[in-house]
1. Here is a list of conditions, (1) touching a residue at least 60 places away in the same chain (Cβ under 8 Å); (2) touching a Phe, Trp or Tyr at 6+ places or on another chain (Cβ under 8 Å); (3) of a type in the set (A, V, I, L, M, F, W, C), and residue 96 meets all of them except one; can you say which number that is?
2. Filter the range 90-110 down to the residues that are under 22 Å from the mean Cα position of the chain (by Cα), surrounded by 13 or more Cβ atoms within 10 Å (Cβ to Cβ) and not acidic (Asp, Glu) and list them by number.
3. Please go through (1) over 29 Å from the mean Cα position of the chain (by Cα); (2) modelled with pLDDT under 90; (3) farther than 30 Å from residue 3 by Cβ; (4) not small (Gly, Ala, Ser) for residue 87 and return the number of the only condition it doesn't satisfy.
4. The conditions are (1) buried (at least 17 other Cβ atoms within 10 Å of the Cβ); (2) closer than 30 Å to residue 37 by Cα; (3) over 15 Å from the mean Cα position of the chain (by Cα), and residue 239 fails exactly one of them. Which is it?
5. Which residues, taken from the range 241-258, are closer than 20 Å to residue 91 by Cβ and in contact (Cβ under 8 Å) with a residue 60 or more places away in the chain?
6. For the range 274-292, name all the residues that are in a strand (DSSP E or B), more than 29 Å from residue 137 (Cβ to Cβ) and not aliphatic (A, V, I, L, M).
7. Out of (1) touching an Asp or Glu at 6+ places or on another chain (Cβ under 8 Å); (2) touching a residue at least 40 places away in the same chain (Cβ under 8 Å), what's the single condition that is false for residue 124?
8. Can you find even one residue in the range 280-287 that is touching an Asp or Glu at 6+ places or on another chain (Cβ under 7 Å), over 22 Å from residue 162 (Cβ atoms) and either at pLDDT below 95 or crowded, with 19+ Cβ neighbours inside 10 Å (or both)?
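The values are calculated or read from the model by the stated rules, or taken from the named source; none is laboratory data. Keep in mind the model is a prediction, meaning the values are calculated, not measured. Glycine also receives a Cβ, built like all others from the backbone with ideal geometry; neighbour counts cover every protein chain displayed.
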Amino acid sequence: MPNSIEYAQKFMPVIDGLYKAASITNGMDAATKPDFTGTNEVKIMKVESSGLGDYSRQNGYPQGNTTVAWETLKLTEERGTELSIDRMDNEETLGMAFGAVTGDFMRVHVVPELDAYRFAKYASATDIQKAPPVALTKDTIIPAIDEAVRALDSAEAAAEGRRLYVNSDLKPVLAQALNRQYGSDSAVNNQLQNYNGLPIAYVPPTRFYTAITLNSGADKFGFEKATGAAAINFMLIDPKAITQVVKFALPKIFDPDTNQKNDSWLFQYREYHDAFVLDNKAKGVYLHAQPTA
């Protein structure tokens, strides 16, 4: 598809870009860091053993069992694109076009896709905990969150560090669910940021599906909700139950004098990444989704 460039008529140091939130999932990056240096695959040891039995003064210890297996994490997602801005197009937009396009690209396309992929990967993982799909109201949202907390507690998932991700469409529903009284306050903020010690992150609904389709770039770019996928109401995640890896994320910029293809500024971006739910810790992920349309 050819570029669409509108030339500047009067200089204004303002760029009218698209609204996009910052990354929602980056707060879980530090939980686990498998080293993929030199490989696209890492094996993590999984250990299980028998519990206690009765000790016999005649026969001694009951014979238990230990199982050691290897869980394979393999990177699968390689994404990229190339953008080009003609030298004169950039010059006649006061040198602003190329920088604006590349900055917008990271914020509008790369970050949302990364978030959407991770949430969809966690939501579709085997053995995570799931609530029956249902739309939430002000009367049901708090009990639903309480049940998620109970489920993780019952699975003995770590209490410290849990993160509650809530569909941003449910902000007013969550605000209405808790009765609060206001006096003559000059400013009121009823948006819930923390619930019983759980930090809440609100996720744009366009990044919050149980499955997504990554378009190839042949005829369509970016990502979209997969056929048959459901919108997610909320997810409660123990970061130690998941691992998200960006092995390679490299923007490359070539000025027109370096670019051998044409007389243009050239931007290339490649990202190699994946996200995983660890088998033995899958119960540390709880999904509450809406019914499929």
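1. Evaluating residue 96 over (1) touching a residue at least 60 places away in the same chain (Cβ under 8 Å); (2) touching a Phe, Trp or Tyr at 6+ places or on another chain (Cβ under 8 Å); (3) of a type in the set (A, V, I, L, M, F, W, C) leaves (2) as the failure.
2. Going through the range 90-110, the residues under 22 Å from the mean Cα position of the chain (by Cα) turn out to be 102-110.
Imposing the further condition that a residue be surrounded by 13 or more Cβ atoms within 10 Å (Cβ to Cβ) reduces the set to 102, 104-110.
Answer for the range 90-110, where residues must be under 22 Å from the mean Cα position of the chain (by Cα), surrounded by 13 or more Cβ atoms within 10 Å (Cβ to Cβ) and not acidic (Asp, Glu): 102, 105, 106, 107, 108, 109, 110.
3. Going through the list (1) over 29 Å from the mean Cα position of the chain (by Cα); (2) modelled with pLDDT under 90; (3) farther than 30 Å from residue 3 by Cβ; (4) not small (Gly, Ala, Ser), residue 87 breaks only (3).
4. The one condition residue 239 does not meet is (3).
5. First pass over the range 241-258, keeping only residues closer than 20 Å to residue 91 by Cβ: 253-258.
Passing the criteria: 253, 256.
6. Those that are in a strand (DSSP E or B), more than 29 Å from residue 137 (Cβ to Cβ) and not aliphatic (A, V, I, L, M): 274, 276.
7. Tallying (1) touching an Asp or Glu at 6+ places or on another chain (Cβ under 8 Å); (2) touching a residue at least 40 places away in the same chain (Cβ under 8 Å), residue 124 fails exactly one: (1).
8. no
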